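Below is one structure, written out as structure tokens; comments come after it.
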Amino acid sequence: MIFFKWGINYQAYMKYTEHNYAESELAYKKFLNPSLKQAVDLLNIKDDFRILDAGCGPGAIFSLFADKLKLEGQIVGIDASDSHLEIAEKIIKQHNLQEVVVIKKVDLFGDLPFEDDCFDIVWLSDVLFPDDLGDEIFSILKKIYKKLKPNGKIAIFYSNWLRLSLLPGYSTLEHNISIANEKRKSTEFKWIADMHPENALKWLFECDFTNCENHYVTSCYQYPLQDHIKDYILYHLTHIYGKAVKFKSSDFQIPQNQVDEFYKITAIEDNDFILNKAFYHCALHAQLTVGQKKAYF
């Protein structure tokens, strides 16, 4: 039997929330795969590179990096979560990556247990957030700088905050959902402009990186949706958008008529269920910020 809660396919919702964070992260990265492929291509990885995946989570991007390497290359994945690393180990075996990937339990707040000048690329995907790290972000970036080889690159990838386009034609509603999400995220830590992920480029300049640049990569889908894409969108509408439409503060709340509209178009049993419309399409725009360590002279 399928149950409905908050106007969403509750069965699909529970499919994700019953798993731990690592499982939902893998589902999200699968949804993001087109953006991740574009981002990895932009890094011009050579087949003998040594890559540090800092905050690797359950290892969702290992195979994308491995496709660029030969056996002389290496991926080192680090994370502070035992549950993430446990699943990452399974991913490595599943994709036969034992020869090219090693994982270690490392907390980015502590020392990085690697020699200086040893990585060609350090990759951080949805890791450096001000509400989790505050201005500790700068000390982490400075530690990473030391571990890069001269001319080595840092790549900061952001995708899981704010402005997705999941509700085509409902721009005012989705705009207000973005505002509510930002305000909800900033209740404990104020996302001032200098510390906002959109300004990662500024962080790299301040930490002495050179040749810094921003890129934007996109994942797009349209009707008919593959099951795993549809399920993830349902999860996001419930877990992220659903929280936003219920958010209220002294200076902002989404008008009730828009809240009602949201529940109507996201109710799988309703004729207006948006994911079943032949015009349906969606997009997620991810940000890749790249900087380079200065060469020694």
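A few comments on the model shown:
- Search result, residues across the range 230-257 that are under 18 Å from E182 (Cα atoms) and polar (S, T, N, Q): T238, S249, S250, Q253
- Within the range 191-226, the set of residues being in a loop (DSSP other than H, G, I, E, B) and either at pLDDT below 95 or of a type outside the set (A, V, I, L, M, F, W, C) (or both) comprises W191, I192, H196, D208, Y223, P224, Q226.
Yes/no per residue for (1) closer than 15 Å to S171 by Cα; (2) touching a residue at least 12 places away in the same chain (Cβ under 8 Å); (3) not hydrophobic (A, V, I, L, M, F, W, C):
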site: H239; (1), (2), (3): no, yes, yes
site: K243; (1), (2), (3): no, yes, yes
site: K248; (1), (2), (3): no, no, yes
site: F252; (1), (2), (3): no, yes, no
site: E261; (1), (2), (3): yes, yes, yes
site: T289; (1), (2), (3): no, yes, yes
site: Q292; (1), (2), (3): no, yes, yes
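- L166 being under 24 Å from K230 (Cβ atoms) and either among the β-branched types (V, I, T) or at pLDDT 85 or above (or both): yes
- Scan of the range 86-96 for residues that are over 17 Å from the mean Cα position of the chain (by Cα), open to solvent by less than 90 Å² (accessible area, probe 1.4 Å) and farther than 20 Å from F49 by Cα, ordered by number: I87, E89, I91
The values are calculated or read from the model by the stated rules, or taken from the named source; none is laboratory data. What you are looking at is a predicted structure, and each value in this text was computed from that prediction instead of being measured. All Cβ positions, glycine included, derive from the backbone under ideal geometry; neighbour counts span all protein chains shown. In case anyone asks, the SASA skips ligands and DNA or RNA and just uses the protein heavy atoms, side chains included. Shrake-Rupley method; radii C 1.70, N 1.55, O 1.52, S 1.80 Å.
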